[in-house]
Amino acid sequence: SATAQGAIDITYNLALATYLNQIGMVRRPTFQRTGATELTLAGGCAYEINGRIVSTSEDITYTVTGLSASAEEWQYLYIKAGTSGELTAADLMNSTEAPTWDKQRRGWYNASGDRCIFAFFNTGNGVVLDFTDGGRGLIYLESEQPTNVINTDVDTSWVTVQLLLPVFAQEAFVFFYAYGSGETKTYYWRRYGNTGNGSYLFQQVSGAAEILRGCVQSDAQGRGQIRSNVAGTNFVSVVQVGYTLPLRGI
């Protein structure tokens, strides 16, 4: 049957790609928001999908579809499962369905076999949140995204911070703003669910205002935790300005 033959073809293509050491291969383009509902992929990219290499030497402009006008949500950009040869806008699709890591195919795939290559955030009014792709795996958000920790008294108990991350990212680029009434505090960070003392972030001396910029780790749900070494009425705000893409698969 055609279905059986298709399964045989995929198995053969995956075996060939493995032999050629190309399975999971990515030559990632830079991505750009070129309109409220428009993304452009720079030419020169290539991906392996289900044992086939797809690529393009030309820029691709893709118009996203189905954005909610009432709910903030991550949207994932996919190459469709049956794509082969020259990659075009017609081979792309976006969906709120989050991908999962496929160890055999060494990439992020959905249940239909489409390969995820990027994610973007719908601001809740049917518009793609503007971003800058730094080209080194760091995605800058063009507007600061406040977390749930704003002007929060952070003492010796862990405070959970919810970050804005797609499912495949576990590192956020953030600013910490701290101010207070006079205590000297040292702040620490850890992934949500860890049980250690956390990693050193910064020290706030005698309540003086402090600003720190850096990358922090999260769990798979985008959560981290912050605490200080002493109690006192010092306040912290955590504002996210970007995130990093994983080293593999995207």
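The values are calculated or read from the model by the stated rules, or taken from the named source; none is laboratory data. In this text the structure is predicted, and so the values were computed from the model without any measurement. FYI the Cβ positions are ideal-geometry reconstructions off the backbone, even for glycines, and counts take in every protein chain you see.
What the table below lists for this structure:
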{"read-out": "Filtered residues of the range 78-94 (kept if modelled with pLDDT of 95 or more, part of a strand (DSSP E or B) and closer than 22 Å to Ile53 by Cβ)", "value": "Tyr78, Ile79, Leu92, Met93"}
{"read-out": "Looking only at the range 211-232, and only at residues there that are surrounded by 14 or more Cβ atoms within 10 Å (Cβ to Cβ) and of a type in the set (Lys, Arg), the one that is farthest from Leu165 (Cα to Cα)", "value": "Arg227"}
{"read-out": "Test: residue in the range 209-225 that is under 16 Å from Asp153 (Cα atoms), at pLDDT 95 or above and not assigned by TED's automatic domain parsing to the domain that holds Glu73", "value": "yes"}
{"read-out": "Leading residue by the ranking (surrounded by the most Cβ atoms within 10 Å (Cβ to Cβ)) among those in the range 189-210 that are closer than 19 Å to Gly242 by Cα and among the charged types (D, E, K, R)", "value": "Arg190"}
{"read-out": "Test for Leu67: is it touching a residue at least 60 places away in the same chain (Cβ under 8 Å) and either of a type in the set (Phe, Trp, Tyr) or in the same structural domain as Pro29 (by TED's automatic domain parsing) (or both)", "value": "yes"}
{"read-out": "Odd one out for Arg191 among (1) touching a Phe, Trp or Tyr at 6+ places or on another chain (Cβ under 9 Å); (2) over 17 Å from Ala178 (Cα atoms); (3) not small (Gly, Ala, Ser)", "value": "(1)"}
{"read-out": "In the range 126-146, residue nearest to Gly66 (Cα to Cα) [restricted to those that are assigned to a loop (DSSP other than H, G, I, E, B) and modelled with pLDDT of 90 or more]", "value": "Gly126"}
{"read-out": "Residue check for Glu97: more than 22 Å from the chain's Cα centre (by Cα), assigned to a loop (DSSP other than H, G, I, E, B) and at pLDDT 90 or above", "value": "no"}
